[in-house]
Amino acid sequence: MKLIKITILLLITALSFTSCDEYLDVNDDVNNPSADQVTPELILPAAQNGSVSAKLGTQNRFGTTMMNQWAGDVTNFTGGNDDEYFYNINNTFYAGIWNNMYLATDKLQAIINLNSNENVNFAAIATILKAHNMQYIVDMYGNAPYSEAFQRGDNYQPAYDNAMDIYKGIVSSLDSAVAMIGNAGIEAKNPGASDVMMGGDMDKWVRFANTLKLKLLVRANSSSDTDMQSFVASQFATLSSASFLAAGENVLSNPGYAADTGRQNPFWNSYFLTNGNATNTYLF
């Protein structure tokens, strides 16, 4: 009997310490959430804003320079923009475009990796934006990592894919995204306010995907490769009854920009005002 009492007492003591330990264990680091806590609703707005920001910085400067909308500062350079006008494209040529676009697309891939019946609309949006980002990479640099890219630590040296193969891949991915949206079941969540571009309007995302696909095919149609020409012709046929963005329908992003430090529109922040002070980086 004495042994039974001692055993029961030890058991009660152990349970008391365990439950007390769990009750007092409240020191979770809010800056280091576990992967299961980072949902598509949290990743999507950051990924969308990252993709937009990547296009509004160095990429915008390159585009406006090549279209002769901007010029070098003649007071500081005898002949600015030599690399641009002589197409001196090497591994350092506008490295910010390459780096920022891949970093932004990696966030989109994180959403795609969470695809499920519940998250299918999030994955479709991320797939469309991934195609949009990769189009810029291919148009500017040609061959690039694609099929093996965005694996993070699982593959530090992804192989380079042929530019035409990437074009085919992103066209196919747009078809997949449209099908994902069309086949989404009742359990599929609507992104709603976490979609800072379309507010969860999935019909508009379909129109954007079709419009982007049309743009890609028009660009690829200039290729003299017979295989690509055949591919483009077959894909044009799939758009015969598709809906596209109408006149005045824009794809915009606004996660809550405001005239506060760290919350400004990245374009405004780069070219007009930085923390309330006029920027001298680029002058109009």
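Restricting attention to segment 240-252, does a residue exist that is modelled with pLDDT under 95, surrounded by 14 or more Cβ atoms within 10 Å (Cβ to Cβ) and over 20 Å from THR127 (Cα atoms)?
Checked against the condition, which is being modelled with pLDDT under 95, surrounded by 14 or more Cβ atoms within 10 Å (Cβ to Cβ) and over 20 Å from THR127 (Cα atoms), segment 240-252 yields no hits at all.
Residues checked against (1) farther than 25 Å from GLY200 by Cβ; (2) at pLDDT 95 or above; (3) of a type in the set (S, T, N, Q):
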{"site": "ASN121", "(1), (2), (3)": "no, yes, yes"}
{"site": "THR127", "(1), (2), (3)": "no, yes, yes"}
{"site": "ASP139", "(1), (2), (3)": "yes, no, no"}
{"site": "PRO145", "(1), (2), (3)": "yes, yes, no"}
{"site": "ARG152", "(1), (2), (3)": "yes, no, no"}
{"site": "ALA163", "(1), (2), (3)": "yes, no, no"}
{"site": "LEU174", "(1), (2), (3)": "no, yes, no"}
{"site": "MET180", "(1), (2), (3)": "no, yes, no"}
{"site": "ASN183", "(1), (2), (3)": "no, yes, yes"}
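Hey, could you check segment 258-270 for residues that are at pLDDT 70 or above and within 12 Å of ASN60 (Cβ to Cβ) and say which is most open to solvent (accessible area, probe 1.4 Å)?
PHE267
Cβ-Cβ below 7 Å, separation at least six or inter-chain, first residue in segment 36-59 and open to solvent by 50 Å² or more (accessible area, probe 1.4 Å), second not basic (Lys, Arg): which pairs?
If the second residue must be not basic (Lys, Arg), the pairs left are GLU41/SER194.
When you look at SER147, is it touching a strand residue (DSSP E or B) at 6+ places or on another chain (Cβ under 6 Å) and not β-branched (Val, Ile, Thr), yes or no?
So SER147 passes the test.
What is the one condition in (1) farther than 17 Å from THR127 by Cα; (2) open to solvent by less than 60 Å² (accessible area, probe 1.4 Å); (3) of a type in the set (A, V, I, L, M) that ALA237 does not satisfy?
(2)
I want to confirm something. Restricting to segment 154-167 and keeping residues that are more than 19 Å from the chain's Cα centre (by Cα) and more than 26 Å from LEU214 (Cβ to Cβ), which single residue is surrounded by the most Cβ atoms within 10 Å (Cβ to Cβ)?
As a first pass, look at segment 154-167 and keep what is more than 19 Å from the chain's Cα centre (by Cα): 154-157, 159-165.
Applying the additional criterion that residues be more than 26 Å from LEU214 (Cβ to Cβ) yields 154-157, 159-160.
Details: ASP154: 8, ASN155: 12, TYR156: 7, GLN157: 6, ALA159: 11, TYR160: 15.
Ranking the qualifying residues of segment 154-167, first place goes to TYR160.
Would you be able to say whether some residue in segment 103-124 is at negative phi and in contact with a strand residue (DSSP E or B) (Cβ under 9 Å, 6 or more places away or on another chain)?
No, every residue in segment 103-124 fails to be at negative phi and in contact with a strand residue (DSSP E or B) (Cβ under 9 Å, 6 or more places away or on another chain).
Across segment 64-116, which residue is farthest from ASP139 (Cα to Cα) among those that are of a type in the set (D, E, K, R) and at pLDDT 75 or above? Before the answer, list the steps.
If we filter segment 64-116 for residues that are of a type in the set (D, E, K, R), which is where we start, we get 73, 82-84, 106-107.
Pick out the ones that are also at pLDDT 75 or above and you get 106-107.
Numbers: ASP106: 19, LYS107: 21 Å.
Restricting to residues being of a type in the set (D, E, K, R) and at pLDDT 75 or above, the top hit is LYS107.
State which residue is nearest to LYS189 (Cα to Cα) when the search covers only segment 223-242 and only residues that are out of contact with any Asp or Glu (no Cβ under 8 Å at 6 or more places or on another chain) and in a loop (DSSP other than H, G, I, E, B). Spell out how you get there, then give the answer.
To start, the set of residues in segment 223-242 that are out of contact with any Asp or Glu (no Cβ under 8 Å at 6 or more places or on another chain) comprises 223-237, 239-242.
Checking the rest, the ones that are also in a loop (DSSP other than H, G, I, E, B) come to 223-225, 239-242.
Working: SER223: 40, SER224: 43, ASP225: 42, LEU239: 27, SER240: 30, SER241: 27, ALA242: 24 Å.
So the residue we want is ALA242.
Which ones in segment 143-153 are in a loop (DSSP other than H, G, I, E, B) and either of a type in the set (A, V, I, L, M, F, W, C) or crowded, with 19+ Cβ neighbours inside 10 Å (or both)? Working first, answer last.
Taking segment 143-153 as the starting set, the residues that turn out to be in a loop (DSSP other than H, G, I, E, B) are 143, 146-151.
Passing the criteria: TYR146, ALA149, PHE150.
Is segment 41-51 home to any residue that is modelled with pLDDT of 75 or more and more than 23 Å from ARG263 (Cβ to Cβ)?
Among the residues of segment 41-51, not one is modelled with pLDDT of 75 or more and more than 23 Å from ARG263 (Cβ to Cβ), which makes the answer no.
Okay, residues lined up against (1) farther than 27 Å from THR238 by Cβ; (2) assigned to a helix (DSSP H, G or I); (3) open to solvent by 20 Å² or more (accessible area, probe 1.4 Å):
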| residue | (1), (2), (3) |
| --- | --- |
| ILE89 | yes, no, yes |
| ASN100 | yes, yes, yes |
| ASN121 | no, yes, no |
| ALA126 | no, yes, no |
| ILE137 | no, yes, no |
| MET140 | no, yes, yes |
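What pairs come out if I take residues in segment 182-198 that are within 16 Å of PHE208 (Cβ to Cβ) and pair them with residues that are among the aromatic types (Phe, Trp, Tyr) whose C-beta lies under 7 Å away, six or more apart or interchain?
PRO191/PHE122; MET198/TRP205
Identify, please: which residue in segment 168-222 is assigned to a helix (DSSP H, G or I) and among the acidic types (Asp, Glu) and is, among those, surrounded by the most Cβ atoms within 10 Å (Cβ to Cβ)?
Keep residues of segment 168-222 that are assigned to a helix (DSSP H, G or I), which gives 168-182, 192-194, 202-220.
Among the residues that remain, those that are also among the acidic types (Asp, Glu) are: 175, 203.
Details: ASP175: 15, ASP203: 10.
By that ranking, first place goes to ASP175.
The values are calculated or read from the model by the stated rules, or taken from the named source; none is laboratory data. From a predicted model like this one, the values you see are computed outputs, not experimental measurements. For neighbour counting, all protein chains shown are included, and Cβ atoms are generated from backbone atoms with ideal geometry for every residue, glycine included. Note: areas computed on protein heavy atoms with side chains; ligands, DNA, RNA excluded. Shrake-Rupley method; radii C 1.70, N 1.55, O 1.52, S 1.80 Å.
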